[in-house]
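Q: Quick one: this structure, given as structure tokens, is what I'll be asking you about.
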Amino acid sequence: MVLAIESSCDETAAAVYSSTRGVLSNNLFSQINLHAQYGGVVPEIASRSHIEKINLIIEQALEVADVKLADIDTIAVTQRPGLPGSLLIGVCFAKALAGSLNKKIIGVNHLEGHAFSACIENAIPFPFICLTASGGHTALYYVKAFGDYEIIGQTTDDAAGEAFDKVAKLIGLPYPGGPEIEKLAHQVGFEDFFKYPRLKDTVSLDFSFSGLKTAVLYDLIKKNLYSLHDKKFLAHGDRELQQKVSSSLLVCIGDIFERILDRALKRYPDVTAIAFVGGVACNKYLKRRLENTATKHKKAFYFPPPKYCTDNAAMIAFVANYKAEQNNYSDLSMDIY
Ligand code: KG4
Ligand code: ZN
């Protein structure tokens, strides 16, 4: 029985996982409302909120799972990567719990959590390719077995979720931008109005999104819709423009994802399946695009439900469970990275 804690960014999360019964609870407090007015996560506010909520969320997770601390064998915690202050809250709490109750402890890589999140509810056959796209990361993994994976491509600058969030901020949409952009793009039928630039490189499996964000900005400036001097969007409330930018951006990112996945599948023909995970994998349009690519290559396509796409502790518990089975424990000297 694993109790997992996740506090790497702006969600305080705890989950209980049983090796025989699966996920027994998956509780979290999202800080989105605390950061929304700043258009992104403010590290100091995030750390303070984690301190306030961590006790409560762990108690809730134990209660929902109907287990006591005494029933827990292993405390798992996200150890890297993340905001240092936020990670420290979870890791210090986990170490204190494990030390005082004499439990085993396992430090988990947040990205490994995302990479295996589609396995929580599906027995995905190995090897598979996993596209992780979130607010902090965008990477392609070749997954050989539980805990055995290699990065075959990653973003050289911004993450995909970051591109959604930054463009949303440019055109006066709230944080986080991804869900809002999907909603507006849906309203105009996912049409490519502005034809933003795609990746020029035709070989690499790496992503790049910061040029795309700049292209959107320069297109708005050219149309006299953005003042670089005042850093201000000049067409506030122009729903039609927001819809057109959102739709063009989403189609462009869909094209980029599809192209890179297509390349990866040609390079790794032995894979049996594709998994699409991370906060951006909540996006139904992108899921459709990637599923089409997978089908074209006769590969199965998997994605987790939204509760396991965005940051959560169930995916951390799931990884800790197989690490425990592999006898791959940490100890109380572990630190954050
Ligand atoms: O995995 P996550 O909760 O946190 C990180 O580890 O970063 O991902 C959050 C990111 C945000 O950038 C958000 O805009 C994006 O996921 N996101 C979406 C959607 N829902 C959340 N992006 C596109 N479409 C969505 N429906
Ligand atoms: Zn994440």
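The values are calculated or read from the model by the stated rules, or taken from the named source; none is laboratory data. Being a predicted model, the structure only gives us computed values, none of them experimental. Methodologically, a virtual Cβ is constructed for each residue, glycine included, from the backbone with ideal geometry; neighbour enumeration extends over all protein chains shown. Only protein heavy atoms, including side chains, enter the accessible area calculation; ligands, DNA and RNA are left aside. Shrake-Rupley method; radii C 1.70, N 1.55, O 1.52, S 1.80 Å.
Q: Residues being of a type in the set (Gly, Ala, Ser), closer than 24 Å to residue 129 by Cα and within 16 Å of ligand 1 (Cβ to nearest atom): count how many of those fall in region 181-209.
A: Number of matching residues: 0.
Q: Going through region 81-98 one residue at a time, which ones are within 14 Å of ligand 2 (Cβ to nearest atom) and either over 12 Å from residue 6 (Cβ atoms) or assigned by TED's automatic domain parsing to the domain that holds residue 270 (or both)? Step through it out loud before you land on a result.
A: The first filter runs over region 81-98 and keeps only residues within 14 Å of ligand 2 (Cβ to nearest atom), leaving 81-83, 86-87, 90.
Listed by number, the residues that qualify are 81, 83.
Q: Now a separate question. Return the residues of region 121-170 that are aliphatic (A, V, I, L, M), within 16 Å of ligand 2 (Cβ to nearest atom) and surrounded by fewer than 21 Cβ atoms within 10 Å (Cβ to Cβ); say none if nothing qualifies.
A: Across region 121-170, the qualifying residue is only 151.
Q: Something else about it: Only one of these is in the same structural domain as residue 93 (by TED's automatic domain parsing), buried (at least 23 other Cβ atoms within 10 Å of the Cβ) and more than 21 Å from the chain's Cα centre (by Cα): 51, 75. Name it.
A: Details: 51 fails: buried (at least 23 other Cβ atoms within 10 Å of the Cβ).
Checking each option against the conditions leaves just 75.
Q: On to the next question. Determine which member of the set 3, 24, 28 is open to solvent by 50 Å² or more (accessible area, probe 1.4 Å) and either within 14 Å of ligand 2 (Cβ to nearest atom) or among the hydrophobic types (A, V, I, L, M, F, W, C) (or both). If you could, list the steps in order and put the result at the bottom.
A: On the way: 3 fails: open to solvent by 50 Å² or more (accessible area, probe 1.4 Å); 24 fails: open to solvent by 50 Å² or more (accessible area, probe 1.4 Å).
So the residue among 3, 24, 28 that is open to solvent by 50 Å² or more (accessible area, probe 1.4 Å) and either within 14 Å of ligand 2 (Cβ to nearest atom) or among the hydrophobic types (A, V, I, L, M, F, W, C) (or both) is 28.
Q: Quick test for you: out of 111, 101, pick the one residue that is outside the structural domain of residue 284 (by TED's automatic domain parsing) and within 9 Å of ligand 1 (Cβ to nearest atom).
A: Answer to the check: 111.
Q: Go through region 305-327 and give me each residue that's open to solvent by 70 Å² or more (accessible area, probe 1.4 Å), touching a residue at least 12 places away in the same chain (Cβ under 8 Å) and more than 16 Å from ligand 2 (Cβ to nearest atom).
A: Result: 325, 326.
Q: Same structure, new question: Among residues belonging to region 78-95 that are open to solvent by 60 Å² or more (accessible area, probe 1.4 Å) and assigned to a helix (DSSP H, G or I), point out the one that is farthest from residue 330 (Cα to Cα).
A: Within region 78-95, the match that is farthest from residue 330 (Cα to Cα) is 84.
Q: Another question, then. Answer with yes or no whether residue 179 is within 16 Å of ligand 2 (Cβ to nearest atom) and out of contact with any strand residue (DSSP E or B) (no Cβ under 9 Å at 6 or more places or on another chain).
A: Taking the combined requirement at face value, the residue satisfies it.
Q: Would you point out which residue out of 173, 205, 217, 212 is surrounded by fewer than 19 Cβ atoms within 10 Å (Cβ to Cβ) and either without any contact (Cβ under 8 Å) to a residue 60 or more places away in the chain or not polar (S, T, N, Q) (or both)?
A: That would be 217, the only listed residue that is surrounded by fewer than 19 Cβ atoms within 10 Å (Cβ to Cβ) and either without any contact (Cβ under 8 Å) to a residue 60 or more places away in the chain or not polar (S, T, N, Q) (or both).
Q: Only strands (runs of 3 or more DSSP E) wholly contained in region 108-167 count here; list those with 1 or more residues that are more than 18 Å from residue 259 (Cα to Cα) and at pLDDT 95 or above.
A: Once the strands (runs of 3 or more DSSP E) in region 108-167 are filtered for at least 1 residues that are more than 18 Å from residue 259 (Cα to Cα) and at pLDDT 95 or above, what remains is 138-145, 148-154.
Q: Give 281, 273 a once-over and let me know the one that is open to solvent by less than 10 Å² (accessible area, probe 1.4 Å), among the small types (Gly, Ala, Ser) and under 30 Å from residue 89 (Cβ atoms).
A: 281
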